[in-house]
Amino acid sequence: MSDSRTVVHEADSPFGPVYVVDTGDQRSLCFDRPDGTVQSAILKSDPLAVPTSYVRVATAGLALTQGRSRILVVGLGGGSFPMLLHRLLPRRARLDVVEINPVVVDVARRFFGVREDHRLLIHVDDGSRFVTRQGSRYDLIFLDAFSDSGTPDHLKESRVFEDVRHRLSFGGVAVINIALEEPRDVARRIETFASAFEDCAMLRGASQYNNLILVGTLAPLPPEPLFRHQLWRLARELDFPELTESVVSFKRVSGA
């Protein structure tokens, strides 16, 4: 199998160039340049596979939420996380996906197999504006908006996480992916997120980009042995061993 990089598609967008790049069997979405950070990826031979480790670890939120009927994902990318949830969750579950870049939405549909239906709706909007509005409450909110320079500044503000908290249903859970941040900024990001919730846990995925996954809850987290057991059960349900492996890097973070 060749591992040479082939640019399948390039498009200008209001936020910079968007690239679809094939490297062997993997198809990746990259921003700004073809060899940029992989935003999302699929395997052409198995489009249902989830080759990006942090996406699998981010499903940890499902182990803690008390419901799975309404999900919000901020940041579409190639659609790995929402399409995964679309397959995993019951048919009654509804998923809203917010993506600010209309070109990314077009690319996800054309090259990554993203399909909307009555259960999965994509909103072209700014994530911070979306969560500020009055609307449905969610059992799980996943914040996954980032570029090669990390998360956009306006999505790092404490008011955004307060808005996220207010959009959670009883027993709901918020999950955030922190990637490509300067080390000096990570501690501040963790503190800002954790302060919006009653409790918070940190998991680290097996990613070359050292993604941190933070899980914020409206109620105290269960004791660590029970949390480990819940993740173990979810790992077996989803066949994602990373969920149990990530608990090795589990850390409880003080909330508000």
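The values are calculated or read from the model by the stated rules, or taken from the named source; none is laboratory data. What you see is a predicted model; the values in this text were computed from it and never measured. So basically every Cβ, Gly included, is an ideal-geometry build from the backbone, and we count neighbours across all protein chains shown. For the accessible areas, the whole protein counts, side chains as well, though only heavy atoms, and no ligand, DNA or RNA atoms are used. Shrake-Rupley method; radii C 1.70, N 1.55, O 1.52, S 1.80 Å.
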Here is a list: ARG109, ARG56. Which entry is touching a residue at least 12 places away in the same chain (Cβ under 8 Å), open to solvent by 10 Å² or more (accessible area, probe 1.4 Å) and not small (Gly, Ala, Ser)? ARG56
Filtering the stretch 193-213 for residues that are modelled with pLDDT of 90 or more and in a strand (DSSP E or B) leaves a count of 2
For the stretch 57-70, which positions are closer than 19 Å to ALA145 by Cβ and not in a loop (DSSP other than H, G, I, E, B)? VAL57, ALA58, GLY61
Kindly establish whether ASP96 is buried (at least 19 other Cβ atoms within 10 Å of the Cβ) and acidic (Asp, Glu). yes
Please list, ordered by first then second residue, the pairs with beta carbon atoms under 8 Å, 6 or more apart or interchain, first in the stretch 79-99 and in contact (Cβ under 8 Å) with a residue 60 or more places away in the chain, second open to solvent by less than 10 Å² (accessible area, probe 1.4 Å) and assigned to a strand (DSSP E or B). PHE81/VAL73; PHE81/PHE142
Hey, does the stretch 168-182 have a residue that's open to solvent by 10 Å² or more (accessible area, probe 1.4 Å), at pLDDT below 90 and either within 16 Å of ALA60 (Cα to Cα) or in contact with a strand residue (DSSP E or B) (Cβ under 7 Å, 6 or more places away or on another chain) (or both)? yes
Of all the residues that make up the stretch 32-53, how many are open to solvent by 40 Å² or more (accessible area, probe 1.4 Å) and within 24 Å of ILE176 (Cβ to Cβ)? 2
Here is a check on your reading of the model: is VAL73 at negative phi, without any contact (Cβ under 8 Å) to a residue 24 or more places away in the chain, surrounded by 21 or more Cβ atoms within 10 Å (Cβ to Cβ) and not in a helix (DSSP H, G or I)? no
Among (1) open to solvent by less than 30 Å² (accessible area, probe 1.4 Å); (2) out of contact with any helix residue (DSSP H, G or I) (no Cβ under 8 Å at 6 or more places or on another chain), the one test that VAL18 misses: (2)
The stretch 8-22, subset touching a Lys or Arg at 6+ places or on another chain (Cβ under 8 Å) and assigned to a strand (DSSP E or B), residue nearest to LEU43 (Cα to Cα): ASP22
Being surrounded by 17 or more Cβ atoms within 10 Å (Cβ to Cβ) and not in a strand (DSSP E or B) is the filter here; which residues of the stretch 112-135 pass it? PHE112, VAL114, ASP126, GLY127, SER128, PHE130, VAL131
Would you point out the residue of the stretch 24-57, among those that are over 16 Å from ARG110 (Cβ atoms) and among the basic types (Lys, Arg), that is modelled with the highest pLDDT? ARG33
